[in-house]
Amino acid sequence: MATCEVKADVTGSVWKIVTAIGQKVDAGDTIMIVESMKMEIPVIAEEGGTIREFRIAEGDSVAEGQTVAILET
Amino acid sequence: MTSTRSPHTVSVDTALAEYETRRRRALAMGDAAKLARRSEAGILNARERIAYLCDDGSFVESGLFGTSASNPDDRDKTPADGKIAGFGRIDGRDLAIAANDFTVMGASSSATNGRKLGHLKRVATARGLPMVFLGESSGARMPDHMGARGMATLLGNDPTQYQRMRETPWASATLGMSFGSSTWYAVLSDFNVMRKGAVLAVSSPLLASLAIREDVDAEQLGGASLHGEVTGFADLVVDTDEQALDAIRRFLDYLPSHCMEAPPRRLAPAGSGDDMASIASLLPASRTQVYDVRRIVRAIVDRDSLFELKARFGKAIVTALARLDGRTVGIIASNPLVKGGAIDADACDKVTSFIVLCDSFNVPLVMLVDTPGFAIGTDAERKRVPGKIMNWMNALQLVTVPKISIILRKTYGQAYLNMGGGRNSDEVAAWPTAEISFMDPQFGVRVVHGKTPNDEGFDELFARMDRDSAVWDAASAYAVQSVIRPQDTRDYLIRTLDVHRMRMTNGIGQHLLRAWPTSY
């Protein structure tokens, strides 16, 4: 099964992970929320799939372009 | 009696027959097998592209009988010398067109087709015609350009070849392998649409591998994803040739034919403004939540008139041509959906190039503001954001078309100025939801009072700073001229743009940005 990397599009900190390992998501669904510039910015699944892995935890810092989750597509 | 008839004289019938033979040969373009392969792949040939783009029967060709002048052996193999040039009409409006014919020596550049393009551009500039480039090209023709003689005779003989003064709009479509001149004209243009599968690069993967031993495929080197998302050299990415040509027709429809006339006005379609009553519901209740500003823009502008440029590049700001009551406007809108609306290096470049486009062709600017500020941090600094912020400011302050700025929600710090705050617009309006300050109050309490959210007294200080950020003090000081209800935004813009119509010059600006570098 193919996998796809989900990347943060902004530098900030992970405020809330709103999905769980094994959860199915559709393209456009919010996987987690990054706080940056005092805004809550969703990290969105670009394609549908099942969440296999999180590469970060709530409270972690993330950089723009960093992989935060792996989806099985 | 001795005949005085010249041995070269031919009868009219013979001359006409030769004309027909030569005409047929020129119109047949290049190798039949190559043409057939394109057709099977659903890719139009150069003449089909011109026919699709122009009104029926409007195309007048210039240089049908041109062929290679550099190499006599190539004369019979170079119909139209691989670049078809002429003048056509779109919806009755005249324009100049150069369509590269890749089936003729890869539409490579050489002496005759260089003269054709030069003539076309001179006529377009002198007579006020938009210029359209339908590009695919293997680059400079070999061996014509090789050696000192090739360089001396073929390159550098036109000192205006790559000059842009924006006398008329240029639109380009990148529709195949594009190296050399068709790449140059694409990035010099005001609009470039790219078909998926096309490639735009300085030179081919082969040359890249020979010169620097870089093993890349063409898509990586210059594909539509790269230029749609990373370089911004594609204003729009489409699936087919037909969609690309439709996009050129649409882009030009918003603009005047030249810089000395106002953009054409169209009738506003029925249903325009129908969604205004519920527009406030598109703004989230929480000041920290994001939303897609394009829904707000679509509600404000004339129905189906939004034409977004560079939608996948510098996405924290939306740039789009649109119409308000039938008149063309340029929209610059923060998009909180991406990076919370924080403006990064790419967004800066995108806005500046859009300001140049609008100011050069007499299109008023409308800014919709909801930004927490410029992207900060090491990545932004490495991408030279300070210079880009000032380029944008310089461009904005040189604008002579009307500028209207509407603050929807946040506007902080330097971004307040870049998005038209203060005297950087002709009018500043704000929704009652607007917040204006130097930085977000949460950061402000930390910087001014040294307190963080868990410290005693933080909440009170935050509440005060938050209250002080409300729009009313700015309206009181007349830095915001109008506070408007969200549902009145369309009517306000139509009325205010009418107030600011450039009556003294019949809608023509001063075009102080006309020579601004095109590709940032």
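The values are calculated or read from the model by the stated rules, or taken from the named source; none is laboratory data. Model, not experiment: these values are computed from the prediction. All Cβ positions, glycine included, derive from the backbone under ideal geometry; neighbour counts span all protein chains shown.
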Boolean, A:Thr11 is of a type in the set (Val, Ile, Thr), within 14 Å of another protein chain (Cβ to nearest Cβ) and more than 23 Å from B:Tyr412 (Cα to Cα): no
Matching option when the condition is outside any helix (DSSP H, G or I), under 24 Å from A:Gly65 (Cβ atoms) and not hydroxyl-bearing (Ser, Thr, Tyr), among B:Ile376, B:Ile404, B:Ile389: B:Ile376
When residues of the stretch A:48-73 are limited to those that are among the charged types (D, E, K, R) and assigned to a loop (DSSP other than H, G, I, E, B), the one surrounded by the most Cβ atoms within 10 Å (Cβ to Cβ): A:Glu64
Which numbered condition B:Glu381 fails, given (1) within 21 Å of the chain's Cα centre (by Cα); (2) within 14 Å of another protein chain (Cβ to nearest Cβ); (3) surrounded by fewer than 24 Cβ atoms within 10 Å (Cβ to Cβ): (1)
Selection count, the stretch A:14-47, where residues are small (Gly, Ala, Ser), buried (at least 20 other Cβ atoms within 10 Å of the Cβ) and more than 14 Å from chain B (Cβ to nearest Cβ): 1
Where B:Tyr478 falls short, out of the listed (1) farther than 25 Å from B:Leu398 by Cα; (2) assigned by TED's automatic domain parsing to the domain that holds B:Tyr416; (3) among the hydroxyl-bearing types (Ser, Thr, Tyr): (1)
Members of the stretch B:205-234 found to be surrounded by 20 or more Cβ atoms within 10 Å (Cβ to Cβ) and small (Gly, Ala, Ser), listed by number: B:Gly222, B:Gly223, B:Ala224, B:Gly228, B:Gly232, B:Ala234
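Could we say that B:Ile389 is buried (at least 23 other Cβ atoms within 10 Å of the Cβ) and modelled with pLDDT of 95 or more here?
The answer is no for B:Ile389.
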Number of the exception - B:Tyr254 against (1) hydroxyl-bearing (Ser, Thr, Tyr); (2) within 20 Å of the chain's Cα centre (by Cα); (3) surrounded by fewer than 20 Cβ atoms within 10 Å (Cβ to Cβ): (3)
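When you look at B:Val445, is it modelled with pLDDT under 95, β-branched (Val, Ile, Thr) and surrounded by 18 or more Cβ atoms within 10 Å (Cβ to Cβ), yes or no?
Spelling it out, B:Val445 is indeed modelled with pLDDT under 95, β-branched (Val, Ile, Thr) and surrounded by 18 or more Cβ atoms within 10 Å (Cβ to Cβ).
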Counted residues, the stretch B:287-316 - those being of a type outside the set (Ser, Thr, Tyr) and within 14 Å of another protein chain (Cβ to nearest Cβ): 10
Among (1) in contact with a helix residue (DSSP H, G or I) (Cβ under 9 Å, 6 or more places away or on another chain); (2) hydrophobic (A, V, I, L, M, F, W, C); (3) in contact (Cβ under 8 Å) with a residue 40 or more places away in the chain; (4) outside the structural domain of B:Met194 (by TED's automatic domain parsing) - the single one B:Ile248 does not satisfy: (4)
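On the given criteria, is B:Ile376 surrounded by fewer than 24 Cβ atoms within 10 Å (Cβ to Cβ) and within 14 Å of chain A (Cβ to nearest Cβ)?
Yes, satisfied.
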Strands (runs of 3 or more DSSP E) contained in the stretch A:1-47 and holding at least 1 residues free of Cβ contacts under 8 Å to residues at least 12 places away in the same chain: A:39-44
Residue within the stretch B:100-116 that is out of contact with any Lys or Arg (no Cβ under 9 Å at 6 or more places or on another chain) and part of a loop (DSSP other than H, G, I, E, B) present: no
